[in-house]
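Note sheet for the following structure.
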Amino acid sequence: MKTLAVLTSGGDAPGMNAAIRSVVRSAIYRKFNIYGIMRGYAGLIDGDFMKMNARSVSNIIANGGTILKTSRCEEFKTKSGQRKAVDWLKKRKIDGLVVIGGNGSFQGAHVLAKNWGINVVGIPGTIDNDIAGTDYTLGADTAVNTALDAIDKIRDTVHSMERIFVVEVMGREEGFIAIRVGLTGGAEDIIFPGNDYKIDDMCDDIRAGRKRGKMNWIVVVAEGVAHAKDIEKLIHEETGFEVKSVTLGHIQRGGSPTALDRLLGLRFGAASVDALANGLTDKAVGIIADEIVLTDFEKACKHSKKKIGLDLELYRLTKILSI
Ligand code: ADP
Ligand code: F6P
(Lines give C-alpha, C1' and ligand atoms only; values in the text may rest on other atoms or scores of the structure.)
(Ligands and ions follow the chains in the order given, each with its own letter.)
Protein backbone atom coordinates (compact mmCIF):
# COMPACT_ATOMS: atom_id res chain seq x y z
CA MET A 1 0.00 0.00 0.00
CA LYS A 2 1.23 3.49 -0.84
CA THR A 3 0.91 6.56 1.29
CA LEU A 4 0.40 9.93 -0.40
CA ALA A 5 0.12 13.48 0.90
CA VAL A 6 -1.32 16.67 -0.58
CA LEU A 7 -0.74 20.35 0.20
CA THR A 8 -1.76 23.73 -1.21
CA SER A 9 0.84 26.49 -1.43
CA GLY A 10 1.18 30.14 -2.51
CA GLY A 11 -1.89 32.24 -3.32
CA ASP A 12 -5.15 30.34 -2.88
CA ALA A 13 -7.23 29.87 -6.02
CA PRO A 14 -10.83 28.78 -6.66
CA GLY A 15 -10.81 25.12 -7.70
CA MET A 16 -8.16 24.06 -5.18
CA ASN A 17 -10.82 22.36 -3.04
CA ALA A 18 -12.13 20.45 -6.04
CA ALA A 19 -8.55 19.27 -6.67
CA ILE A 20 -8.07 18.24 -3.01
CA ARG A 21 -11.34 16.28 -3.16
CA SER A 22 -10.17 14.50 -6.28
CA VAL A 23 -6.69 13.71 -4.93
CA VAL A 24 -8.10 12.34 -1.67
CA ARG A 25 -10.83 10.22 -3.22
CA SER A 26 -8.67 8.99 -6.13
CA ALA A 27 -6.05 7.86 -3.61
CA ILE A 28 -8.64 6.11 -1.44
CA TYR A 29 -10.16 4.50 -4.55
CA ARG A 30 -6.71 2.97 -5.15
CA LYS A 31 -6.56 1.85 -1.49
CA PHE A 32 -3.75 4.26 -0.65
CA ASN A 33 -3.36 6.16 2.61
CA ILE A 34 -3.70 9.90 2.16
CA TYR A 35 -2.65 12.81 4.35
CA GLY A 36 -3.50 16.48 3.99
CA ILE A 37 -0.67 18.82 4.98
CA MET A 38 -1.88 22.11 6.47
CA ARG A 39 -0.57 25.59 5.45
CA GLY A 40 1.58 24.54 2.49
CA TYR A 41 5.32 24.24 2.98
CA ALA A 42 5.02 25.90 6.40
CA GLY A 43 2.90 22.99 7.64
CA LEU A 44 5.26 20.51 6.00
CA ILE A 45 8.16 22.00 7.96
CA ASP A 46 6.10 21.87 11.20
CA GLY A 47 4.80 18.33 10.61
CA ASP A 48 1.19 19.54 10.47
CA PHE A 49 -0.28 16.40 8.83
CA MET A 50 -3.92 15.32 8.90
CA LYS A 51 -5.05 11.81 7.93
CA MET A 52 -7.88 12.17 5.42
CA ASN A 53 -10.77 9.89 4.54
CA ALA A 54 -13.44 10.14 1.87
CA ARG A 55 -15.69 12.19 4.18
CA SER A 56 -12.91 14.72 4.94
CA VAL A 57 -13.60 16.28 1.55
CA SER A 58 -17.42 16.22 1.67
CA ASN A 59 -19.23 19.36 0.58
CA ILE A 60 -16.18 21.37 -0.51
CA ILE A 61 -16.49 21.14 -4.30
CA ALA A 62 -18.29 24.49 -4.62
CA ASN A 63 -16.08 26.42 -2.19
CA GLY A 64 -13.29 28.85 -3.00
CA GLY A 65 -10.10 28.99 -0.93
CA THR A 66 -8.54 25.78 0.35
CA ILE A 67 -9.56 23.61 3.30
CA LEU A 68 -5.87 22.75 3.78
CA LYS A 69 -5.02 26.47 4.07
CA THR A 70 -1.95 27.86 2.35
CA SER A 71 1.06 30.09 2.95
CA ARG A 72 4.12 31.74 1.49
CA CYS A 73 7.01 30.22 3.43
CA GLU A 74 10.47 31.79 3.27
CA GLU A 75 12.00 29.05 5.46
CA PHE A 76 11.26 26.45 2.81
CA LYS A 77 13.63 28.24 0.45
CA THR A 78 16.52 27.35 2.79
CA LYS A 79 18.29 24.00 3.00
CA SER A 80 17.56 23.65 6.71
CA GLY A 81 13.84 24.27 6.09
CA GLN A 82 13.83 21.70 3.30
CA ARG A 83 15.61 19.17 5.54
CA LYS A 84 12.88 19.56 8.20
CA ALA A 85 10.21 19.05 5.52
CA VAL A 86 11.92 15.94 4.15
CA ASP A 87 12.35 14.51 7.67
CA TRP A 88 8.60 14.78 8.22
CA LEU A 89 7.83 13.14 4.87
CA LYS A 90 10.12 10.24 5.84
CA LYS A 91 8.69 10.02 9.36
CA ARG A 92 5.16 9.72 7.94
CA LYS A 93 6.42 7.25 5.29
CA ILE A 94 5.07 9.36 2.41
CA ASP A 95 5.72 7.70 -0.97
CA GLY A 96 4.40 10.59 -3.04
CA LEU A 97 3.46 14.23 -2.55
CA VAL A 98 0.97 16.32 -4.55
CA VAL A 99 1.74 20.05 -4.52
CA ILE A 100 -1.13 22.30 -5.61
CA GLY A 101 0.17 25.80 -6.26
CA GLY A 102 1.69 28.32 -8.62
CA ASN A 103 5.06 29.02 -10.14
CA GLY A 104 6.90 29.48 -6.83
CA SER A 105 5.34 26.36 -5.32
CA PHE A 106 6.48 24.37 -8.35
CA GLN A 107 10.03 25.64 -7.91
CA GLY A 108 9.90 24.35 -4.35
CA ALA A 109 8.45 21.04 -5.52
CA HIS A 110 11.23 20.71 -8.09
CA VAL A 111 13.85 21.18 -5.35
CA LEU A 112 12.19 18.44 -3.26
CA ALA A 113 12.28 16.04 -6.21
CA LYS A 114 15.70 16.90 -7.62
CA ASN A 115 17.76 17.57 -4.50
CA TRP A 116 16.02 15.37 -1.95
CA GLY A 117 14.68 12.45 -4.01
CA ILE A 118 11.04 12.94 -3.00
CA ASN A 119 8.35 11.79 -5.46
CA VAL A 120 6.39 14.94 -6.24
CA VAL A 121 3.72 15.78 -8.80
CA GLY A 122 2.28 19.30 -9.13
CA ILE A 123 -1.19 20.61 -9.88
CA PRO A 124 -1.16 24.15 -11.35
CA GLY A 125 -3.27 26.26 -9.00
CA THR A 126 -3.07 30.03 -9.35
CA ILE A 127 -5.30 32.76 -10.72
CA ASP A 128 -2.28 34.15 -12.64
CA ASN A 129 -2.13 31.40 -15.31
CA ASP A 130 1.65 31.80 -15.31
CA ILE A 131 2.61 28.16 -15.77
CA ALA A 132 3.78 26.56 -19.01
CA GLY A 133 2.60 23.09 -20.04
CA THR A 134 -1.07 23.85 -19.47
CA ASP A 135 -3.65 26.02 -21.20
CA TYR A 136 -5.23 26.87 -17.84
CA THR A 137 -4.30 26.90 -14.18
CA LEU A 138 -6.91 26.36 -11.47
CA GLY A 139 -8.67 29.57 -10.53
CA ALA A 140 -7.78 31.69 -13.56
CA ASP A 141 -11.19 31.24 -15.19
CA THR A 142 -13.04 32.07 -11.97
CA ALA A 143 -10.86 35.16 -11.43
CA VAL A 144 -11.57 36.39 -14.96
CA ASN A 145 -15.30 35.91 -14.42
CA THR A 146 -15.20 37.72 -11.07
CA ALA A 147 -13.30 40.66 -12.59
CA LEU A 148 -15.66 40.64 -15.57
CA ASP A 149 -18.68 40.90 -13.27
CA ALA A 150 -17.04 43.94 -11.63
CA ILE A 151 -16.27 45.58 -14.99
CA ASP A 152 -19.83 45.01 -16.20
CA LYS A 153 -21.02 46.93 -13.12
CA ILE A 154 -18.46 49.69 -13.61
CA ARG A 155 -19.60 49.96 -17.24
CA ASP A 156 -23.12 50.91 -16.11
CA THR A 157 -21.83 54.05 -14.40
CA VAL A 158 -19.12 54.73 -17.00
CA HIS A 159 -21.74 54.73 -19.73
CA SER A 160 -24.31 56.76 -17.77
CA MET A 161 -21.83 59.46 -16.77
CA GLU A 162 -19.65 59.37 -19.92
CA ARG A 163 -16.49 58.82 -17.96
CA ILE A 164 -13.02 57.43 -18.37
CA PHE A 165 -12.30 54.61 -15.91
CA VAL A 166 -9.11 52.72 -15.12
CA VAL A 167 -9.52 49.23 -13.61
CA GLU A 168 -6.56 47.42 -12.07
CA VAL A 169 -6.64 43.62 -12.03
CA MET A 170 -4.37 40.99 -10.45
CA GLY A 171 -2.06 38.58 -12.22
CA ARG A 172 1.41 39.21 -10.82
CA GLU A 173 3.78 39.40 -13.83
CA GLU A 174 1.18 37.98 -16.24
CA GLY A 175 -1.47 39.65 -18.39
CA PHE A 176 -3.87 36.70 -18.53
CA ILE A 177 -6.64 38.26 -16.42
CA ALA A 178 -6.15 41.78 -17.82
CA ILE A 179 -6.42 40.69 -21.44
CA ARG A 180 -9.33 38.28 -21.05
CA VAL A 181 -11.32 40.68 -18.93
CA GLY A 182 -10.41 43.63 -21.17
CA LEU A 183 -11.57 41.92 -24.34
CA THR A 184 -14.69 40.29 -22.91
CA GLY A 185 -15.62 43.36 -20.87
CA GLY A 186 -15.47 45.60 -23.95
CA ALA A 187 -12.58 47.73 -22.67
CA GLU A 188 -11.06 50.35 -24.97
CA ASP A 189 -7.47 49.67 -23.90
CA ILE A 190 -5.38 47.21 -21.89
CA ILE A 191 -2.03 47.76 -20.23
CA PHE A 192 -0.30 44.41 -19.77
CA PRO A 193 3.20 42.91 -19.45
CA GLY A 194 5.10 42.41 -22.70
CA ASN A 195 3.40 45.26 -24.53
CA ASP A 196 4.86 48.76 -24.23
CA TYR A 197 2.24 51.39 -23.60
CA LYS A 198 2.56 55.12 -24.22
CA ILE A 199 0.26 57.42 -22.27
CA ASP A 200 0.51 60.04 -25.05
CA ASP A 201 -0.83 57.59 -27.64
CA MET A 202 -3.51 56.39 -25.27
CA CYS A 203 -4.66 59.97 -24.68
CA ASP A 204 -4.64 60.71 -28.44
CA ASP A 205 -6.92 57.68 -28.81
CA ILE A 206 -9.25 58.96 -26.10
CA ARG A 207 -9.47 62.42 -27.71
CA ALA A 208 -10.03 60.92 -31.16
CA GLY A 209 -12.72 58.66 -29.71
CA ARG A 210 -14.54 61.64 -28.18
CA LYS A 211 -14.54 63.34 -31.61
CA ARG A 212 -16.24 60.20 -33.01
CA GLY A 213 -18.82 60.39 -30.24
CA LYS A 214 -17.26 57.68 -28.10
CA MET A 215 -17.63 59.18 -24.63
CA ASN A 216 -16.98 56.22 -22.31
CA TRP A 217 -13.57 54.69 -22.06
CA ILE A 218 -12.39 51.77 -19.92
CA VAL A 219 -8.70 50.97 -19.53
CA VAL A 220 -7.79 47.67 -17.84
CA VAL A 221 -4.35 47.64 -16.27
CA ALA A 222 -2.43 44.56 -15.09
CA GLU A 223 -0.95 45.05 -11.62
CA GLY A 224 2.44 43.81 -12.86
CA VAL A 225 2.86 46.90 -15.07
CA ALA A 226 1.28 49.88 -13.32
CA HIS A 227 -1.22 50.96 -10.70
CA ALA A 228 -4.67 52.26 -11.59
CA LYS A 229 -4.25 55.44 -9.52
CA ASP A 230 -1.07 56.42 -11.41
CA ILE A 231 -2.64 55.82 -14.82
CA GLU A 232 -5.72 57.80 -13.73
CA LYS A 233 -3.49 60.75 -12.80
CA LEU A 234 -1.47 60.59 -16.03
CA ILE A 235 -4.56 60.49 -18.28
CA HIS A 236 -6.17 63.36 -16.37
CA GLU A 237 -3.02 65.50 -16.53
CA GLU A 238 -2.64 64.91 -20.27
CA THR A 239 -6.28 65.31 -21.35
CA GLY A 240 -7.91 67.39 -18.63
CA PHE A 241 -10.85 64.94 -18.66
CA GLU A 242 -12.34 63.53 -15.48
CA VAL A 243 -10.90 60.06 -14.81
CA LYS A 244 -11.83 57.54 -12.07
CA SER A 245 -10.03 54.38 -11.05
CA VAL A 246 -10.53 51.22 -9.03
CA THR A 247 -8.27 48.37 -7.91
CA LEU A 248 -10.24 45.12 -7.80
CA GLY A 249 -7.76 43.33 -5.52
CA HIS A 250 -8.32 40.09 -3.65
CA ILE A 251 -12.01 39.67 -4.53
CA GLN A 252 -10.53 38.13 -7.69
CA ARG A 253 -9.10 35.27 -5.63
CA GLY A 254 -12.33 34.27 -3.90
CA GLY A 255 -15.70 32.78 -4.66
CA SER A 256 -17.16 29.57 -5.92
CA PRO A 257 -15.13 28.05 -8.78
CA THR A 258 -16.62 28.07 -12.28
CA ALA A 259 -17.52 24.76 -13.90
CA LEU A 260 -14.25 24.94 -15.86
CA ASP A 261 -12.16 25.33 -12.70
CA ARG A 262 -14.01 22.48 -10.97
CA LEU A 263 -13.51 20.27 -14.02
CA LEU A 264 -9.80 21.10 -14.08
CA GLY A 265 -9.43 20.48 -10.34
CA LEU A 266 -11.17 17.11 -10.55
CA ARG A 267 -9.21 15.96 -13.61
CA PHE A 268 -5.88 17.28 -12.32
CA GLY A 269 -6.41 15.60 -8.94
CA ALA A 270 -7.04 12.17 -10.44
CA ALA A 271 -4.16 12.60 -12.92
CA SER A 272 -1.70 13.50 -10.16
CA VAL A 273 -2.55 10.34 -8.21
CA ASP A 274 -2.26 8.25 -11.41
CA ALA A 275 1.16 9.79 -12.10
CA LEU A 276 2.48 9.04 -8.60
CA ALA A 277 0.99 5.52 -8.70
CA ASN A 278 2.88 4.97 -11.96
CA GLY A 279 6.17 6.02 -10.37
CA LEU A 280 6.41 9.45 -12.05
CA THR A 281 7.98 12.40 -10.26
CA ASP A 282 9.30 15.97 -10.77
CA LYS A 283 6.40 16.73 -13.10
CA ALA A 284 3.33 18.92 -13.24
CA VAL A 285 -0.01 17.85 -14.64
CA GLY A 286 -1.68 20.21 -17.09
CA ILE A 287 -4.29 20.38 -19.79
CA ILE A 288 -3.59 21.15 -23.44
CA ALA A 289 -6.39 21.11 -25.99
CA ASP A 290 -8.56 19.23 -23.46
CA GLU A 291 -6.03 16.45 -22.91
CA ILE A 292 -4.17 15.83 -19.66
CA VAL A 293 -0.40 16.17 -20.13
CA LEU A 294 2.64 15.97 -17.86
CA THR A 295 5.47 18.52 -18.03
CA ASP A 296 8.80 18.58 -16.16
CA PHE A 297 8.68 21.14 -13.33
CA GLU A 298 11.69 22.91 -14.84
CA LYS A 299 9.78 23.59 -18.07
CA ALA A 300 6.47 24.33 -16.32
CA CYS A 301 8.10 27.21 -14.41
CA LYS A 302 9.22 29.01 -17.60
CA HIS A 303 7.21 31.60 -19.53
CA SER A 304 5.28 30.16 -22.44
CA LYS A 305 6.01 31.89 -25.76
CA LYS A 306 2.75 30.52 -27.15
CA LYS A 307 0.79 32.30 -24.42
CA ILE A 308 2.60 35.61 -25.05
CA GLY A 309 1.66 35.39 -28.76
CA LEU A 310 -1.97 34.72 -27.86
CA ASP A 311 -2.03 37.72 -25.47
CA LEU A 312 -0.89 40.02 -28.29
CA GLU A 313 -3.46 38.56 -30.68
CA LEU A 314 -6.30 39.11 -28.18
CA TYR A 315 -5.07 42.66 -27.53
CA ARG A 316 -5.13 43.46 -31.26
CA LEU A 317 -8.71 42.22 -31.38
CA THR A 318 -9.63 44.42 -28.40
CA LYS A 319 -8.29 47.49 -30.22
CA ILE A 320 -10.04 46.63 -33.48
CA LEU A 321 -13.36 46.14 -31.70
CA SER A 322 -13.11 49.37 -29.74
CA ILE A 323 -13.37 51.68 -32.77
P1 ADP B 1 2.90 30.68 -6.01
O2 ADP B 1 3.14 29.23 -5.82
O3 ADP B 1 1.44 31.03 -5.97
O4 ADP B 1 3.62 31.24 -7.21
P5 ADP B 1 4.94 31.85 -4.26
O6 ADP B 1 5.79 32.38 -5.36
O7 ADP B 1 4.75 32.70 -3.06
O8 ADP B 1 3.47 31.46 -4.71
O9 ADP B 1 5.60 30.46 -3.79
C10 ADP B 1 5.00 29.69 -2.77
C11 ADP B 1 6.07 29.09 -1.89
O12 ADP B 1 6.88 28.19 -2.66
C13 ADP B 1 7.09 30.09 -1.33
O14 ADP B 1 6.61 30.78 -0.22
C15 ADP B 1 8.21 29.13 -0.94
O16 ADP B 1 7.92 28.44 0.25
C17 ADP B 1 8.19 28.14 -2.10
N18 ADP B 1 9.19 28.52 -3.11
C19 ADP B 1 9.12 29.49 -4.03
N20 ADP B 1 10.24 29.57 -4.77
C21 ADP B 1 11.08 28.62 -4.27
C22 ADP B 1 12.40 28.19 -4.58
N23 ADP B 1 13.11 28.75 -5.57
N24 ADP B 1 12.92 27.18 -3.85
C25 ADP B 1 12.22 26.59 -2.86
N26 ADP B 1 10.97 26.94 -2.53
C27 ADP B 1 10.40 27.93 -3.21
O1 F6P C 1 -0.35 34.72 -7.29
C2 F6P C 1 -1.69 35.04 -7.01
C3 F6P C 1 -1.80 36.49 -6.59
O4 F6P C 1 -3.15 36.77 -6.27
C5 F6P C 1 -1.27 37.51 -7.60
O6 F6P C 1 -2.19 37.75 -8.64
C7 F6P C 1 -1.01 38.68 -6.71
O8 F6P C 1 0.00 39.52 -7.25
C9 F6P C 1 -0.53 38.05 -5.44
O10 F6P C 1 -1.02 36.72 -5.43
C11 F6P C 1 -0.98 38.73 -4.20
O12 F6P C 1 -0.39 38.07 -3.13
P13 F6P C 1 -0.80 38.33 -1.60
O14 F6P C 1 -2.17 37.78 -1.41
O15 F6P C 1 0.24 37.60 -0.83
O16 F6P C 1 -0.78 39.80 -1.41
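Assorted remarks:
- In range of the label at Lys90: residues from the range 108-124 whose backbone nitrogen is under 18 Å from the point 7 Å along Cα→Cβ: 111-120
- Amide hydrogen neighbours beyond the local backbone of Gly194, cut-off 5 Å, H modeled: none
- Mean shadow area of the range 144-253 over all directions, Cα convex hull, nm²: 6.1 nm²
- Only Lys, Arg, Asp and Glu carry charge here, each on its Cβ (+1 for the first two, -1 for the last two); on that basis the range 144-253 has a dipole of about 340 debye about its Cα centre.
- Sequence-distant contacts, meaning Cα pairs under 8 Å at least 6 residues apart, place the relative contact order of the chain at 24 percent.
- Angstrom value of the Kirkwood radius, inverse mean 1/r, which spans all Cα pairs in the range 12-75: 12.2 Å
- Of all accessible heavy-atom area on the chain, the percent that carbon and sulfur account for (1.4 Å): 52 percent
- Kyte-Doolittle at least 0.0, axis length at least 15 Å by Cα - qualifying DSSP helices, the chain: 16-29, 259-277
- Computed from the C-beta positions of Lys302 and Ile60, the FRET efficiency with R₀ = 22 Å rounds to 0.10.
- Taken over the chain, the alpha-carbon convex hull comes to 119 cubic angstrom per residue.
- Protection proxy ranking of 197-210, 110-123, 180-193 - average other beta-carbon atoms within 10 Å, highest first: 180-193, 110-123, 197-210
- Extension gain, Thr247 back to Gln107 (0.36 nm per residue minus Cα-Cα distance, nm): 47.5 nm
- Here the chain is treated with +1 on each Lys and Arg Cβ and -1 on each Asp and Glu Cβ, and its dipole about the Cα centre works out to around 1560 debye.
- Checking the Cα-Cα distances for Lys198/Lys307; Lys153/Lys211; Lys153/Lys302; Lys84/Lys299; Lys299/Lys319 against a 30 Å cut-off, the pairs over it are Lys153/Lys302; Lys299/Lys319.
- For the range 166-253, the solvent-accessible area with a 1.4 angstrom probe is 44 square angstrom per residue.
- Annotation: for a label point projected 7 angstrom from Cα along Cα→Cβ of Asn195, residues of the range 301-323 with backbone N closer than 12 Å are 308-322.
- Placed amide H near Ile288: partners under 5 Å, 5+ positions off or other chain: Asp135, Val293
- Taking amide H atoms as placed 1.01 Å from N in the peptide plane, the amide H of Arg163 lies under 5 Å from those of Trp217, each 5 or more residues away in sequence or on another chain.
- Test item: Cα-centred dipole of the range 35-177, Lys/Arg +1 and Asp/Glu -1 on Cβ, debye: 1060 debye
- Choice from Asn216, Asn103, Asn17 with maximal GNM fluctuation in the chain (Cα, 10 Å cutoff): Asn216
- Computed from the Cβ-Cβ distance with R0 of 45 Å, the FRET efficiency linking Lys31 to Lys319 stands at 0.20.
- Per-selection Kirkwood Rh - the range 208-323 (Cα, Å, 1 d.p.): 18.6 Å
The values are calculated or read from the model by the stated rules, or taken from the named source; none is laboratory data. Please read these numbers as outputs of a predicted model, since none were measured by experiment. Note: ideal-geometry Cβ built from the backbone for every residue, glycine included; neighbour counts use all protein chains shown. Areas reflect the complete protein model, heavy atoms only, side chains present, ligands, DNA and RNA absent. Shrake-Rupley method; radii C 1.70, N 1.55, O 1.52, S 1.80 Å.
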